[in-house]
Amino acid sequence: MNTFFKTFTGIVVGATALVASVTATAGDHLSLEGKKVGIAVVGTQHFWDREAFNGAVDTVKKLGGEVVPVDGGRDNQVHADNHDILLTNKVDAVISILGDGAVEPKFEALKNAGIPVFTVDHSSPHAVNNTTSDNYYMGTTIGRYMADSIGGKGRVAIFNAFEGALRICGIRAGLWKYVMQDYPGIEVIQPELAEAFANAPEDARKKTLDFLNQNPKGTVDAIHVGCWDQPAIGIVQALEEAGRTEIKVTALDGGPETLEIMAEENSPFVANVAQQPNVIGSTAAMNVARHFHGETLLPQTYVDVMPVNGPEEAKAVYEKLGYGTLK
Amino acid sequence: MATLNANSQSSAFNWRALTGYLPFIVFILMLGYLAVSAPQLLTTDSLDLILRQSVPTVVVCLGLAVVVIAGGDDVVAGGIDLSIPAAAVLAAAIMADQLTNHGTAFLPALSMAMGAAVIVGLVNAFLVVKVAMTPLLATLATSVATVGITKVVTSSRRINVDHPTIVSLRDNELGGLSVGVLLTLLLVLIFYFAVHRSKWGMSLQAVGGNRDAAELSGISVNRMLAQSFILASVAGGLASVFVLARGSGSSPGSEESLLLEMILATFLGAAFSPRRVVTLWGAVLGAVLVTALSIGFKSIGVNVFWTGCIKGALILLVVASAALATSKD
């Protein structure tokens, strides 16, 4: 047993070292010298979008490429139209960050023009590769954490505007619901709530206040945001305004501003799953370089996430992701 | 003293004339700068892109131009209809919902969408003509209400549309021009003949020029005003088809940017007319130039927030210079 354990440990350590060394040198041969890479982002107001965008821009530049950036101003239509501009600019490749169904015909047009498309958080048949978080893990983990936070029973509301519009949200909210099937004591309040894509915190604050008026004290145990956590900022504000902080809040993304809210004393915001948007954007840029180097890419590249359960983990993850230190 | 007065009037006149042309001059300078900084803007690909992206704005501008022509171009008291983009987006939502979620055929879906848009126009006409509300406030109110109804219809969610008619409007070309652009051109011509070449159009312009004189010559001012709002809502309804084609579906919130571009384009268009009044051609040209400006700024990498800021400043410049140029003292 002891020998087996040692051998096993040896293999694991050896394999880890090998993987680490491969990862460390993986980028060395990559270059985007002489390449013009269009980077379309849906918006740069929110931390996640901005960081994914910055990660992609910095990496393309670091690899010697030229960046043609276009920003949708958190408007999916503008974001989709921006791809036309990249097409007329005759870029060598496009990295497209987020976007709804409106981008699909644009991707197709780019592909037909011989411009490879690399997506972030948007699976598309017209893209070479999509870099994203492990959305399956995110959806199930946040479902378990939320159920645990209310003792496995109660009435919960979900903000879920994008389950049908964005595949990543379909996965996250769909798997959250899959987990809920195993908690017969949990009732998901119908109809579901729908948050706005732009100005989400303020929009969610108003909608939560209305929701709380319709659902008096003692009738709601948790509010979950199905795909991201900008609305959760407004939800927490509304709960504090209405004196209803006994209601637990859970969401996904885990940027610095929401981790800070989670780390506050007696915060109703109890669970999250933090992503690494900068690494995601950077990985998408590396994938462009890998493609031009002749490597075959898998359809999806997954970037690790970090589950955050409670204020202490919020502080730890905040530090681990390099956002600073929280007391 | 009399000479002094005459001189001051004449210099005031020149100053006003110059003020009226200011937006035009600023715009031409901006476009010139963009063409130099981003030469790819002058390729046929880019010009085609500008035309295709300007289609929904052009169509809602047709509606606004009709209302302003009938109501007079005083921005506050004259004719204005802020609800056209909201009507367009409501019609788009109804059509998307019918096509995608209920499997309705294209024509019945379009009829329902047009019906909803026309109801918005009827409400506007009632509020302005019967209740005598200021068009600015009346149409602002209907706009807000219409956006609310759109949210009810869509539950604030996006609805994808892949109906072949919508897809062909988006993708198909005829003689090198997009089908959407050609249909829009046809609409522009229809509106042009209605407003500038028909007896009805003459009456409409007479009402906008001087209501009392129009009334004395036997034109029913109220009826013309009401019809202008209804025609505007028809333009909104028709724009919905292009909104759907452009976005491959309906998305909540798309009325906001459409509203901004419609106002900017229509009043900028006035700067292109010799008498600096809102005209159909001016509005259409304005819509195309505003789109060209948006695309140009993005092509030279101007931050999207600055683009919004510049557009806001341009609206201010256009509206302020129109007010100054037509002020009586």
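The values are calculated or read from the model by the stated rules, or taken from the named source; none is laboratory data. Nothing here was measured: the structure is a model prediction, and the numbers come from that model. We place every Cβ from the backbone using ideal geometry, glycine too, and count neighbours over all the protein chains shown.
Restricting to segment A:117-136, what's the tally of residues that are touching an Asp or Glu at 6+ places or on another chain (Cβ under 9 Å) and surrounded by fewer than 19 Cβ atoms within 10 Å (Cβ to Cβ)? Residues meeting the conditions: 3.
When segment A:75-121 is filtered for residues that are within 9 Å of another protein chain (Cβ to nearest Cβ) and part of a loop (DSSP other than H, G, I, E, B), the ones remaining, listed by number, are A:Asp75, A:Asn89, A:Lys90, A:Asp100.
If only residues of segment A:38-68 that are of a type in the set (D, E, K, R) and over 13 Å from A:Met286 (Cα atoms) are counted, the one that is surrounded by the most Cβ atoms within 10 Å (Cβ to Cβ) is A:Asp49. In segment B:149-183, of all residues being part of a helix (DSSP H, G or I) and polar (S, T, N, Q), the one that is farthest from the other protein chains (Cβ to nearest Cβ) corresponds to B:Thr165.
Each residue in segment B:49-67 was checked for being closer than 20 Å to B:Lys199 by Cβ and of a type in the set (Val, Ile, Thr), and 2 of them qualify.
Could you check segment A:167-204 and list, in sequence order, the residues that are of a type in the set (Lys, Arg) and either surrounded by fewer than 19 Cβ atoms within 10 Å (Cβ to Cβ) or out of contact with any Gly (no Cβ under 7 Å at 6 or more places or on another chain) (or both)?
Initially, segment A:167-204 is screened for residues of a type in the set (Lys, Arg), giving A:167, A:172, A:177.
Matches in segment A:167-204: A:Arg167, A:Lys177.
For B:Pro274, indicate whether it is at pLDDT below 90 and closer than 30 Å to B:Ser155 by Cα. Outline the logic, then answer.
Values: at pLDDT below 90: yes; closer than 30 Å to B:Ser155 by Cα: no.
For B:Pro274, the condition - at pLDDT below 90 and closer than 30 Å to B:Ser155 by Cα - is not met.
With respect to the conditions (1) out of contact with any strand residue (DSSP E or B) (no Cβ under 8 Å at 6 or more places or on another chain); (2) outside any helix (DSSP H, G or I); (3) within 17 Å of B:Arg158 (Cβ to Cβ); (4) without any contact (Cβ under 8 Å) to a residue 60 or more places away in the chain, A:Cys169 falls short on a single one, namely (2).
The requirement of being surrounded by fewer than 17 Cβ atoms within 10 Å (Cβ to Cβ), in a helix (DSSP H, G or I) and either away from chain B (no Cβ under 12 Å) or in contact (Cβ under 8 Å) with a residue 12 or more places away in the chain (or both) is not satisfied by A:Tyr145. Looking only at residues in segment B:298-309 that are assigned to a helix (DSSP H, G or I) and at the interface with another protein chain (Cβ under 10 Å from one of its Cβ atoms), the one that is farthest from A:Val68 (Cα to Cα) is B:Gly308.
Here A:Leu193 meets each of (1) touching a residue at least 60 places away in the same chain (Cβ under 8 Å); (2) within 12 Å of chain B (Cβ to nearest Cβ); (3) of a type outside the set (Lys, Arg) with one exception, condition (1).
Could you tell me whether segment A:156-166 includes any residue that is closer than 30 Å to A:Ala80 by Cα, away from chain B (no Cβ under 11 Å) and touching a Gly at 6+ places or on another chain (Cβ under 6 Å)?
Filtering segment A:156-166 for residues closer than 30 Å to A:Ala80 by Cα gives A:158-166.
Filter again for away from chain B (no Cβ under 11 Å), leaving A:158.
Still in the running and touching a Gly at 6+ places or on another chain (Cβ under 6 Å): A:158.
Yes; the residues of segment A:156-166 include at least one that is closer than 30 Å to A:Ala80 by Cα, away from chain B (no Cβ under 11 Å) and touching a Gly at 6+ places or on another chain (Cβ under 6 Å).
Selection within segment B:32-76: residues that are within 14 Å of chain A (Cβ to nearest Cβ) and not in a helix (DSSP H, G or I). The member of this set that is nearest to B:Leu137 (Cα to Cα) is B:Ala38. If only residues of segment A:51-72 that are free of Cβ contacts under 8 Å to residues at least 60 places away in the same chain and either within 19 Å of the chain's Cα centre (by Cα) or part of a helix (DSSP H, G or I) (or both) are counted, the one that is farthest from the other protein chains (Cβ to nearest Cβ) is A:Lys62. Among the residues making up segment B:125-148, a single one is crowded, with 18+ Cβ neighbours inside 10 Å and within 14 Å of chain A (Cβ to nearest Cβ): B:Val147.
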